Amino acid sequence: MWVGGLGNVLGCKGAEEPREDSALSGRGALALAGGGSEAEVGEAEAWSAQLYGGLLGAGDVSGDGLLRVAILSASEETEWLPEYFEWLGADEAFNWTLGDEDAVDALLEALSDVDGVFFKGGDQSVYYDLLAGGAFADELGRRHREERLAVGGTSAGAMILGAWALAGGRDSPEAWSRPTSPSEAAWGASSPASPPP
């Protein structure tokens, strides 16, 4: 099934270049990776160091004097990626498991203290089912647009950040049909009524 991705809430409309006089100039970094293995700590020229390091470029957008990154996943994770972000310059990076709505509600409260949010890979339908149309998606989008919150993801985490994504776990014929109303596909009220052809 086509589902509206978080890109609609983030205000993504295409590959527009930020200009000083545009609304885009206030947006945070958006970094998307198709997947694959990250480089080891210390390999500064690697794709992952370059891309993930770009998420830290805006610095402390929360204003608390620390550069924090929340790493979201639908399952328990090792400390490797938080340590990688800390090597790249974050003062603190931590895993957050989105196992249920209570975890999402708790993350919403913690969101005001983070400067970057990174979605790990996995099954994008899990992210959609937990976050679609909710307060977390709205606040993430608002902070990205207005406060320069950096947002990134890899694999399924990158897919859900687009304006539209195919959500895994759906029947094949249903996956290729177009939704008939915005409510069937929307993360938020600003989602278009149908996915791209």
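The values are calculated or read from the model by the stated rules, or taken from the named source; none is laboratory data. Please read all numbers here as calculations on a predicted model, not as lab measurements. FYI the Cβ positions are ideal-geometry reconstructions off the backbone, even for glycines, and counts take in every protein chain you see.
Name the residue, out of G35, G59, G42, that is in a loop (DSSP other than H, G, I, E, B) and under 21 Å from E146 (Cβ atoms). First the steps, then the outcome.
Values: G35 fails: under 21 Å from E146 (Cβ atoms); G42 fails: under 21 Å from E146 (Cβ atoms).
Of the residues listed, the single one that is in a loop (DSSP other than H, G, I, E, B) and under 21 Å from E146 (Cβ atoms) is G59.
Quick one: would you say E83 is closer than 17 Å to V117 by Cβ and either modelled with pLDDT under 90 or surrounded by fewer than 19 Cβ atoms within 10 Å (Cβ to Cβ) (or both)?
Numbers: closer than 17 Å to V117 by Cβ: no; either modelled with pLDDT under 90 or surrounded by fewer than 19 Cβ atoms within 10 Å (Cβ to Cβ) (or both): yes.
Taking the combined requirement at face value, the residue does not satisfy it.
Just give me the residues in the range 98-121 being in a loop (DSSP other than H, G, I, E, B) and crowded, with 16+ Cβ neighbours inside 10 Å, in sequence order. The answer is L98, V114, D115, K120, G121.
Among the criteria (1) under 17 Å from A90 (Cβ atoms); (2) crowded, with 23+ Cβ neighbours inside 10 Å; (3) more than 10 Å from the chain's Cα centre (by Cα), the one Q124 does not fulfil is (1).
Identify, from the list V151, V114, V126, V104, the residue that is β-branched (V, I, T), farther than 27 Å from G59 by Cβ and modelled with pLDDT of 60 or more. Let's see the steps before the verdict.
Values: V151 fails: farther than 27 Å from G59 by Cβ; V114 fails: farther than 27 Å from G59 by Cβ; V104 fails: farther than 27 Å from G59 by Cβ.
Checking each option against the conditions leaves just V126.
Evaluate the range 129-143: report whether one residue or more is surrounded by 23 or more Cβ atoms within 10 Å (Cβ to Cβ), of a type in the set (A, V, I, L, M), at pLDDT 60 or above and more than 12 Å from the chain's Cα centre (by Cα). No - not one qualifying residue is present in the range 129-143.
N95 satisfies every condition listed in (1) within 15 Å of the chain's Cα centre (by Cα); (2) surrounded by fewer than 19 Cβ atoms within 10 Å (Cβ to Cβ); (3) in a helix (DSSP H, G or I) except (3). Would you check which residues across the range 146-155 are touching a Leu at 6+ places or on another chain (Cβ under 7 Å) and either assigned to a helix (DSSP H, G or I) or β-branched (V, I, T) (or both) and list them? Within the range 146-155, just V151 meets the criteria.
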